[in-house]
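So the structure is just underneath, and the comments pick up after that.
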Amino acid sequence: MFIGSYKDCYGLPAEMRPEEGFSYGTLVLITEDKWGNDSIIEYIDSKGVKKLNAELAEKEYFIYDKDANLIMQQSRDSVGNLIIDKCGNCGIQFAYDERGNVKTATFMDDKWQPMHLPNNPSAEEHAGVQCIIFKYDEYDREIERKFVDINGNNEENAYGCHKIVCEYDDRGNMVKQNCYNIKGQLSPNTLAGVAV
(Lines give C-alpha, C1' and ligand atoms only; values in the text may rest on other atoms or scores of the structure.)
Protein backbone atom coordinates (compact mmCIF):
# COMPACT_ATOMS: atom_id res chain seq x y z
CA MET A 1 0.00 0.00 0.00
CA PHE A 2 1.35 3.42 -0.94
CA ILE A 3 0.30 6.98 -0.17
CA GLY A 4 1.30 9.75 -2.56
CA SER A 5 0.62 13.47 -2.36
CA TYR A 6 -0.08 16.14 -4.94
CA LYS A 7 2.03 19.29 -4.54
CA ASP A 8 2.01 22.72 -6.11
CA CYS A 9 5.01 24.46 -7.71
CA TYR A 10 6.26 25.46 -4.22
CA GLY A 11 6.17 21.89 -2.91
CA LEU A 12 3.13 22.55 -0.73
CA PRO A 13 0.12 20.19 -0.55
CA ALA A 14 -2.18 20.92 -3.48
CA GLU A 15 -5.77 19.97 -4.04
CA MET A 16 -6.29 19.02 -7.66
CA ARG A 17 -8.60 21.40 -9.48
CA PRO A 18 -12.30 20.81 -8.85
CA GLU A 19 -14.44 20.06 -11.87
CA GLU A 20 -18.15 19.30 -12.11
CA GLY A 21 -18.54 18.99 -8.36
CA PHE A 22 -15.65 16.65 -7.59
CA SER A 23 -11.98 16.98 -6.73
CA TYR A 24 -9.29 14.34 -6.46
CA GLY A 25 -8.01 15.78 -3.16
CA THR A 26 -4.39 16.08 -2.04
CA LEU A 27 -3.51 12.42 -1.42
CA VAL A 28 -3.83 9.20 -3.35
CA LEU A 29 -3.86 5.81 -1.60
CA ILE A 30 -2.84 2.89 -3.83
CA THR A 31 -3.12 -0.76 -2.84
CA GLU A 32 -1.23 -3.24 -5.01
CA ASP A 33 -2.12 -6.86 -5.70
CA LYS A 34 0.32 -9.74 -5.19
CA TRP A 35 1.80 -9.15 -8.67
CA GLY A 36 2.48 -5.44 -8.06
CA ASN A 37 -0.45 -4.07 -10.10
CA ASP A 38 -2.47 -1.09 -8.79
CA SER A 39 -5.59 -2.87 -7.50
CA ILE A 40 -7.39 -0.21 -5.40
CA ILE A 41 -7.06 3.54 -5.87
CA GLU A 42 -8.60 6.05 -3.45
CA TYR A 43 -8.37 9.86 -3.36
CA ILE A 44 -8.25 11.70 -0.02
CA ASP A 45 -8.14 15.36 1.05
CA SER A 46 -5.70 16.81 3.59
CA LYS A 47 -8.09 16.01 6.47
CA GLY A 48 -8.32 12.33 5.49
CA VAL A 49 -11.78 12.61 3.90
CA LYS A 50 -12.34 10.46 0.80
CA LYS A 51 -12.94 12.34 -2.46
CA LEU A 52 -14.73 11.32 -5.64
CA ASN A 53 -12.71 10.51 -8.74
CA ALA A 54 -13.51 11.59 -12.32
CA GLU A 55 -16.12 8.83 -12.62
CA LEU A 56 -17.78 9.95 -9.35
CA ALA A 57 -16.62 6.88 -7.41
CA GLU A 58 -14.81 6.86 -4.06
CA LYS A 59 -12.69 3.83 -4.94
CA GLU A 60 -11.55 2.24 -8.18
CA TYR A 61 -10.83 -1.49 -8.17
CA PHE A 62 -8.64 -3.09 -10.84
CA ILE A 63 -8.48 -6.88 -10.94
CA TYR A 64 -5.72 -8.52 -13.00
CA ASP A 65 -4.84 -12.07 -13.96
CA LYS A 66 -1.37 -13.58 -13.49
CA ASP A 67 -0.32 -12.25 -16.93
CA ALA A 68 -1.10 -8.63 -15.86
CA ASN A 69 -4.20 -8.50 -18.07
CA LEU A 70 -6.90 -6.25 -16.60
CA ILE A 71 -9.95 -8.52 -16.30
CA MET A 72 -12.23 -6.21 -14.27
CA GLN A 73 -12.42 -2.48 -13.57
CA GLN A 74 -14.97 -1.53 -10.91
CA SER A 75 -16.36 1.66 -9.33
CA ARG A 76 -17.09 1.34 -5.60
CA ASP A 77 -18.12 3.48 -2.63
CA SER A 78 -16.03 4.03 0.52
CA VAL A 79 -17.05 0.69 2.09
CA GLY A 80 -16.48 -1.29 -1.10
CA ASN A 81 -19.99 -1.63 -2.56
CA LEU A 82 -20.37 -1.47 -6.34
CA ILE A 83 -21.86 1.85 -7.45
CA ILE A 84 -23.13 3.33 -10.70
CA ASP A 85 -20.50 5.78 -11.93
CA LYS A 86 -20.64 8.84 -14.18
CA CYS A 87 -20.89 6.70 -17.33
CA GLY A 88 -23.95 4.93 -15.88
CA ASN A 89 -22.37 1.55 -15.12
CA CYS A 90 -20.30 -0.04 -12.34
CA GLY A 91 -17.40 -1.20 -14.42
CA ILE A 92 -16.14 -3.29 -17.29
CA GLN A 93 -15.24 -6.97 -17.58
CA PHE A 94 -12.60 -7.97 -20.14
CA ALA A 95 -11.69 -11.25 -21.87
CA TYR A 96 -8.46 -11.82 -23.79
CA ASP A 97 -7.34 -13.87 -26.78
CA GLU A 98 -4.35 -16.23 -26.75
CA ARG A 99 -2.02 -13.39 -27.82
CA GLY A 100 -3.03 -11.14 -24.90
CA ASN A 101 -5.26 -8.77 -26.89
CA VAL A 102 -8.64 -7.69 -25.48
CA LYS A 103 -11.20 -9.96 -27.14
CA THR A 104 -14.35 -8.60 -25.48
CA ALA A 105 -15.32 -5.79 -23.11
CA THR A 106 -18.68 -5.99 -21.33
CA PHE A 107 -20.31 -3.18 -19.34
CA MET A 108 -21.61 -4.26 -15.91
CA ASP A 109 -24.30 -3.03 -13.49
CA ASP A 110 -24.28 -2.81 -9.67
CA LYS A 111 -25.05 -6.55 -9.37
CA TRP A 112 -22.15 -7.29 -11.75
CA GLN A 113 -24.49 -8.34 -14.54
CA PRO A 114 -24.12 -7.21 -18.19
CA MET A 115 -25.98 -3.98 -19.01
CA HIS A 116 -26.43 -1.49 -21.84
CA LEU A 117 -24.73 1.82 -21.10
CA PRO A 118 -27.28 4.64 -20.84
CA ASN A 119 -27.27 7.37 -23.45
CA ASN A 120 -25.35 10.12 -21.67
CA PRO A 121 -22.42 12.33 -22.73
CA SER A 122 -19.94 10.49 -20.48
CA ALA A 123 -20.58 7.21 -22.29
CA GLU A 124 -19.58 8.80 -25.64
CA GLU A 125 -19.40 6.24 -28.47
CA HIS A 126 -20.36 3.42 -26.09
CA ALA A 127 -23.79 4.89 -25.24
CA GLY A 128 -26.38 2.12 -25.66
CA VAL A 129 -23.69 -0.57 -25.93
CA GLN A 130 -23.60 -3.77 -23.85
CA CYS A 131 -20.59 -5.61 -25.23
CA ILE A 132 -17.70 -4.85 -27.62
CA ILE A 133 -15.89 -7.48 -29.69
CA PHE A 134 -12.39 -6.56 -30.89
CA LYS A 135 -10.59 -7.91 -33.97
CA TYR A 136 -6.84 -7.56 -34.72
CA ASP A 137 -4.49 -8.03 -37.67
CA GLU A 138 -1.30 -10.14 -37.67
CA TYR A 139 0.57 -7.21 -36.09
CA ASP A 140 -1.88 -7.07 -33.14
CA ARG A 141 -3.32 -3.77 -34.38
CA GLU A 142 -7.03 -3.26 -33.76
CA ILE A 143 -8.81 -3.44 -37.12
CA GLU A 144 -12.42 -3.72 -35.97
CA ARG A 145 -14.58 -2.92 -32.96
CA LYS A 146 -18.11 -4.35 -33.13
CA PHE A 147 -21.06 -3.65 -30.80
CA VAL A 148 -23.16 -6.67 -29.76
CA ASP A 149 -25.33 -7.85 -26.88
CA ILE A 150 -24.14 -10.45 -24.37
CA ASN A 151 -25.39 -13.26 -26.66
CA GLY A 152 -23.41 -11.96 -29.64
CA ASN A 153 -26.39 -10.45 -31.48
CA ASN A 154 -25.51 -7.38 -33.54
CA GLU A 155 -26.46 -4.04 -32.00
CA GLU A 156 -25.93 -0.35 -32.72
CA ASN A 157 -24.87 2.33 -30.26
CA ALA A 158 -27.16 5.25 -29.44
CA TYR A 159 -25.97 7.09 -32.59
CA GLY A 160 -26.53 4.23 -35.04
CA CYS A 161 -23.00 2.78 -35.24
CA HIS A 162 -22.57 -1.02 -35.21
CA LYS A 163 -18.86 -1.34 -35.96
CA ILE A 164 -15.72 0.73 -36.35
CA VAL A 165 -13.12 -0.33 -38.92
CA CYS A 166 -9.55 0.99 -38.55
CA GLU A 167 -7.08 1.56 -41.40
CA TYR A 168 -3.28 1.91 -41.12
CA ASP A 169 -0.50 3.32 -43.30
CA ASP A 170 2.69 1.45 -44.30
CA ARG A 171 4.41 2.49 -41.05
CA GLY A 172 1.60 1.14 -38.85
CA ASN A 173 0.02 4.48 -37.94
CA MET A 174 -3.77 4.50 -37.72
CA VAL A 175 -4.94 6.89 -40.44
CA LYS A 176 -8.69 6.32 -40.65
CA GLN A 177 -11.70 4.98 -38.78
CA ASN A 178 -14.92 4.21 -40.65
CA CYS A 179 -18.14 3.75 -38.67
CA TYR A 180 -20.90 1.54 -40.08
CA ASN A 181 -24.46 0.63 -39.09
CA ILE A 182 -25.81 -2.95 -39.11
CA LYS A 183 -26.66 -2.61 -42.84
CA GLY A 184 -23.02 -1.80 -43.64
CA GLN A 185 -23.67 1.87 -44.43
CA LEU A 186 -21.52 4.70 -43.06
CA SER A 187 -23.12 5.93 -39.86
CA PRO A 188 -22.45 8.51 -37.13
CA ASN A 189 -20.60 7.20 -34.10
CA THR A 190 -20.90 10.23 -31.80
CA LEU A 191 -23.34 12.95 -30.84
CA ALA A 192 -21.37 15.25 -33.17
CA GLY A 193 -22.37 13.05 -36.13
CA VAL A 194 -18.85 11.92 -37.09
CA ALA A 195 -18.79 8.77 -39.28
CA VAL A 196 -15.24 8.85 -40.74
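The values are calculated or read from the model by the stated rules, or taken from the named source; none is laboratory data. Only a predicted model underlies this, so the values are computations on that prediction, with no experimental measurement involved. All Cβ positions, even for glycine, are placed from backbone atoms using ideal geometry, and neighbour counts span all protein chains on display. With ligands, DNA and RNA removed, areas are computed over all heavy atoms of the protein, side chains included. Shrake-Rupley method; radii C 1.70, N 1.55, O 1.52, S 1.80 Å.
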Residue-normalised accessible area of the chain, given per residue in Å² at a 1.4 Å probe:
57
Cα-based Kirkwood hydrodynamic radius, region 1-115, one decimal, Å
15.2
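As a test of the definition: which semi-axes, in Å, follow for region 29-97 when you take the square root of five times each eigenvalue of its alpha carbon gyration tensor? Largest first, please.
On the way: eigenvalues 97, 50, 12 Å².
Output for region 29-97: semi-axes of 22, 16, 8 Å.
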Kindly provide the chymotrypsin sites (Phe, Trp or Tyr not before Pro) of region 82-153 that DSSP labels as loop, not H, G, I, E or B, and whose Cβ sees at most 10 other Cβ atoms within 10 Å.
Y139
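How high is the relative contact order of region 1-119, in percent, with contacts defined as C-alpha pairs under 8 Å that are six or more residues apart?
Reported relative contact order: 14 percent.
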Tell me, Kirkwood radius of region 117-181 from alpha-carbon pair distances, in Å?
12.5
Find, to one decimal place in angstroms, the Kirkwood hydrodynamic radius of the chain, where the mean of 1/r is taken over every pair of different Cα atoms and then inverted.
18.6
For E55, tell me the accessible area in Å² from a 1.4 Å probe, rounded to the nearest 10.
60
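Under unit Cβ charges (Lys, Arg +1; Asp, Glu -1), what dipole magnitude, rounded to 20 debye, does the chain have relative to its Cα centre? Don't skip to the answer; put the middle values down first.
Values: 21 positive and 33 negative charges, 32 e Å.
Result for the chain is approximately 160 debye, rounded to the nearest 20.
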Candidate lysines - alpha carbon under 16 Å from K47, same-chain residues fewer than 8 apart omitted
K7
Can you list the lysines whose alpha carbon is less than 28 Å from that of K103, not counting same-chain residues fewer than 8 positions off?
K34, K59, K66, K86, K111, K135, K146, K163, K176, K183
Over the chain, with every protein chain in place, what whole percent of the accessible area is carbon and sulfur at 1.4 Å, could you tell me?
51
Rounded to the nearest Å, what's the spacing between the alpha carbon centres of region 168-182 and region 31-102? Just the number, please.
30
